[in-house]
1. If we sort 310-318, 213-221 on the protection proxy, mean other Cβ atoms within 10 Å, highest first, what's the order?
2. When the Cα atoms of the range 176-289 are enclosed in a convex hull and the volume is divided per residue, what value in Å³ results?
3. Over the C-alpha atoms of the range 1-154, what are the Rg and the largest Cα-to-Cα span, Dmax, in Å?
4. Normalised by the residues of the range 219-315, what does the relative contact order come to in percent, with Cα pairs under 8 Å and at least six apart?
5. Using only Cα atoms, figure out Rg for the range 60-115 and give it as a multiple of 2.2 N^0.38 Å.
6. Per residue, how much accessible surface does the chain expose to a 1.4 Å probe? Answer in Å², no decimals.
7. Taking Rh as the Kirkwood radius computed over C-alpha pairs, what is the Stokes-Einstein D of the range 188-237 at 25 °C in a medium of viscosity 0.890 mPa s, expressed in µm² per second?
8. What is the chain's relative contact order, in percent, from Cα pairs under 8 angstrom and six or more apart in sequence?
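The values are calculated or read from the model by the stated rules, or taken from the named source; none is laboratory data. Here the structure is a predicted model, which means the values were calculated and not measured. We place every Cβ from the backbone using ideal geometry, glycine too, and count neighbours over all the protein chains shown. To get the accessible areas, we keep the full protein, side chains included, count just its heavy atoms, and leave off ligands, DNA and RNA. Shrake-Rupley method; radii C 1.70, N 1.55, O 1.52, S 1.80 Å.
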Amino acid sequence: MRTVYCDHAATTRCHPEVARLVYEFLTEHYGNPSSIHAVGRRARKGVEEARAQVAALIGAQPGEIFFTSGGTEADNWALRGAMAANRAKGRHLIISPFEHHAVLDTAEALVREGYEVTLVDVEPGTGIIRPEALLAAMRPDTVLISIMAVNNEIGTVQDIAALCAAAKAKDPDVIFHTDAVQAAGYVPLDVKALGVDLLSISSHKIYGPKGVGALYVRKGFRFGPGLTTGGGQERKMRAGTENVPGIVGFGLAAEIAARELERRAAHAREMRDRFLRGVLAIEGVRLNGVDPFVHPELRHPGNANVSVDGIEGEALLLRLDMAGVYASSGSACTSGSLQPSHVLLAVGCSREEAQSSLRFSFGEENTAEDVDYAVEQFVKSVEFLRKLAAPGR
């Protein structure tokens, strides 16, 4: 059976060069980077080279990069580190209603600990956040704003530079964090141009290994240490022996992503648009989020999220899986949940529309022939499920 992977937003296949380097550091350069002997020093060199590579991807300085276990830990650390270190200013933070659960759930936990959270208003349909909406949510005691750069479900690209500039013009001391996990490798990122203080990225979204990510922390503002204690690693900010194979793999993946960004984005956009032209021709299939044919710059180049009238998204997902087409019903972190997507509800979709949605995300592995096969199986699956649900059957 032919297989077509359309779930690159969930994870990506490790790049062959990256996999080889990871294996090398698992088997040859296996030292603890905190050891002072030659084997340890070689491991430390690999970590620091990777730090520079990751920094270059986002226009940062190597000393501003702290390695984590992934994007989730980076998001958790960003919120908790900022709020804990700035209690003297206040206990208020602002997030969007469609953040990744790494931000949403952390914010909910902070509320239980006595902090206050405001959800900023978003434009219906697209999820775009306007500067005036953000300014309206700010208060004198606002410590932190966290707005994701690219939404993981509907691919909306936010103007983080404009949002950050507006917020800091009103309050120069406010801290701005962006979850850039979905943006990295497909949307140009420059932390200096964006003006952000904190930025989260993840390795496995850019053809690197799983279990490693990074938090950019701009020098010069009050920020607390990570979520673990017990050692002096990561310049005494995050305890625990570094995941050296993962880190060096992340570094190489970041270097390749920076070099290949324009080509990768163009290829993903070509595959995505080919797919959408095919499936949107079906009656009752609707696009969720920004229309990429009208505003391509406002949507992740590989993201397609559609709803199908009268069909449960999970049923369609399973039918496609049987045909070898692998997509998602939303965020990989919430797969299997019977709850409708909080992202789609936040932009104004009904519960029925949200539960009839699927996300397709395209990347390096996909070819035009793959996309045509995916469209063909999508059409067949929709026809089958509609006949199955027809009255009197």
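1. Details: 310-318: 17.8, 213-221: 20.7.
Ranking the peptides 310-318, 213-221 by packing returns 213-221, 310-318.
2. Values: hull volume 16.6 nm³, N = 114.
For the range 176-289, the hull spanned by Cα atoms encloses 146 Å³ per residue.
3. Rg and Dmax of the range 1-154, Cα atoms, are 20.1, 61 Å.
4. Numbers: 68 pairs, mean separation 16.7, N = 97.
Rounded, it is 17 percent for the range 219-315.
5. Numbers: Rg = 12.3 Å, N = 56, 2.2 N^0.38 = 10.2 Å.
The reported ratio for this selection is 1.21.
6. 42
7. Values: Rh = 12.9 Å.
It comes out at roughly 190 µm²/s.
8. Working: 795 pairs, mean separation 92.0, N = 393.
Rounded, it is 23 percent for the chain.
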